[in-house]
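Just so you know, all these numbers are worked out from the coordinates, no wet-lab data involved. For clarity, every value in this text was computed on a predicted model and none was experimentally measured. Positions of Cβ are generated from backbone atoms using ideal geometry, with glycine treated the same way; all protein chains shown enter the neighbour counts.
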Amino acid sequence: MNLSYFDIAVILLYILVVFFSGSLVQKYVKGISDYLVAGRSMGFNLGLISLMCTEIGMITYIYYAELGYKAGFVGLMAAFPPLIAYWFLGKTGFIIKPLLEMKIMTIPEYFSRRFSKGVRFYIGIIMAIGGILNFGVFPGVEAKFINIVTGIPQNYLLVTMVVMLTVVLIYTLVGGMVSVIITNYIQYALLSFGMLFITVVGVLKVDWSQIVSAVDTNIGLKGFNPFFPSAWTSDFGIGFLVWQILLWISLLVGWQAISMRLFSSKDSKTGQKIYTWSGLMFLSRAVLPIFWGVIALAYFGKGINSLEALPLLVVKIVPKGILGLIFAGLLAASMSTYSSYLLSWSSVVSQDIIGSILKFILKRELSNKTQLIISRITMAAVMIFIIWWSLFHKIEGYLYFYLNMTGMLFIPGVIMGVAFGIYWKKARSGGAYTAITLGMIPPILYLVLPQKLIEGWTSSMGWGGFLLAFIGMIVGSWLHNVISPAKTKEIAK
C-alpha cells in the first residue's frame, strides 16, 4: 500500500464532507432548474472556481501529461487555444450573450426554439452519443491511476470503478448542480496545493538540463519545434492550432458540462466575466500537467505506458503524508467532473430525448417531479454504460485526440446551428440537419478507421469537420428556403 494511515484519513474525511454537503443542500433543490442549473444564481467568484474545477479531473492531468510524455515541449501547443477562446467569447459576448438571455437549460433546447422539435431531438441524440462516448473512457483510465497511486492491484480495476462512480452518483443524485458547486471551494484549495507541489518537487527531483536532454534523446527536434517537419504536416502545427481554436470556441458554447455552468450564472454580464477570466486558469490547467509529462519522460525514459506516466511519477516523487492531500485533491477533481458530466449528459438524454418523446405522446409538459425522476434514472443508466465502455474499449493514439474527436461528433453542427441561428435570419432547420450530419463525418472516420491509416491527418479531420458543417448550414438552409419559402422564426429574447 502506497498510502499511510494519515493519507487514508484525509481521503475519507473529504468523502464525508462531500456527502454532508450534498445532504445539506438537498432542501434547496425544489425543481428541475435548481437541479440542473442551480436556479441560475451563481455569481462570478464561485462560477470561476466551479467552471475550473468541473473541467479538471484525474483524466485531465493524465491526457495532458501523456502529451508531454509522448510529444515533449510541443505538447504545450494544446495549452493556448482555450485561453484564446475564453477571452474572445468573454470579451465579445459572441453567441453566449444571446444564449444567456434566452434562459435555456440545455443547448438542444435552443434548437427547439429556433428551428424545430425534430432538430432538437436529432442533436440531442448525437450530443448524448458523443458526450457519453467521451465520458466512457474516464472510469477505466482514472481507476488505473487510483490503483497505481494507492497500490491496489490492477485486477481490482472494476471494483475501483464501481466504488468511485457509486460515490459520485449518490452525491450527485442528492443535490444536483447545487451539490456540485458547493464542494468546488474545497476542491479548488486542494487542487491548487497539489499542482504547485508536484511541479516544485518534480523540478527539484529532475533538474532542467535532464529534462531538456531527455526530450532531445527520446523525441529529437520534433519535441521542441511544433512546425517540424513542416508547419502543416506536423501533429501540433498550424492545422492543429486552427482546429483547436475552432474546437474550443465551439466547446465553450456547445459542451454541455461547460455551458451548464454558463447557464447557472445569475445574468449575462456575470457569464461573460466568468469566461473572460477562465482563460488564464485553463492555461495553467494545461501547462503544468504537460510539463509533468516531460518530467516523467526524464525520470523514467520511454519504457512505460504513456497513460501511466503521471501516476508513476506521483508515487515516486510525493512523500507519504502529503500523498493523501494530493490524492484527495485529484479525487475531488474527478468527483466534480464525474458529477457534472453525469448531470450534463443525463440531462440531454432525459430533457431532450426522453422528455421530447413523452411530451409528444402525452401532448403536455411533464411535471417537475417527473422530470427529476427521469433525470435520476437516466443518470444511473449512463453510469452503467460508461463502466462497460471503460472495460472493453481500447484507445489508439493520443487520449487527448480521442476525447476531442468524440466531442467533434456534435460540436461542429452545434456551433454552426447556434451561430447561424442567432445571426442569420435565413438559417433553416434543413441547414441545421445538414450541418450536424456533415460535421460528424470526419470524427466518425477518425474513431472507426485504424490509427495507421489516419496518422498525420488528425488536425485536417478536425478543422475539416467545421468546414463541412459550415457548408452544410449554408447549402441546407438555401435548399430549404428554395423548396419551402417561409419567414424564419424570431429568436426568443
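Working from label points 7 Å from Cα in the Cα-to-Cβ sense, the MET1 to VAL159 distance is 1.3 nm. Estimated at 0.36 nm per residue, the fully extended path between LEU467 and GLU455 surpasses their Cα-Cα distance by 2.3 nm.
Per residue, the chain reaches -24500 deg cm²/dmol at 222 nm when only DSSP H runs of four or more residues are counted, each adding -39500 (n - 2.57). For the pair ILE357 and ALA381, the difference between a 0.36 nm per residue extended length and the Cα-Cα distance amounts to 6.9 nm. Assuming R0 = 35 Å, can you tell me the calculated FRET efficiency for the pair PHE300 and VAL448, based on Cβ-Cβ distance, to the nearest 0.05? E between PHE300 and VAL448, to the nearest 0.05, is 0.60. Taking each of LYS144/LYS316; LYS117/LYS394; LYS91/LYS426; LYS359/LYS426; LYS222/LYS302 in turn, the alpha-carbon distance tops 24 angstrom for LYS117/LYS394; LYS91/LYS426; LYS359/LYS426.
Computed from Cα atoms, the angle from the helix 458-483 axis to the main principal axis of the chain rounds to 10 degrees. In this simple spin-label approximation, ILE170 and SER484 carry label points 7 Å from Cα along the Cα→Cβ vector, and these lie 5.0 nm apart. Peptide packing for 266-272, 460-466 was compared via the average number of neighbouring C-beta atoms within 10 Å per residue; ordered from the highest value, the list is 460-466, 266-272. Helix 138-150 and the longest principal axis of the Cα set of the chain meet at an angle near 20°. If I compute Cα extents along the principal axes in Å from the structure I just sent, which labelled value in [x] 70, 47, 37; [y] 68, 57, 41; [z] 66, 58, 44 lines up? Answer by label: [y]. Helix 80-92 axis versus longest C-alpha principal axis of the chain: approximately 40°, rounded to the nearest ten.
Subtracting the Cα-Cα distance of LEU204 and ALA189 from 0.36 nm times their residue separation leaves 3.1 nm of extension gain. The label-point distance for TYR423 and PHE392, in a model that sets each label 7 Å from Cα toward Cβ, rounds to 4.3 nm.
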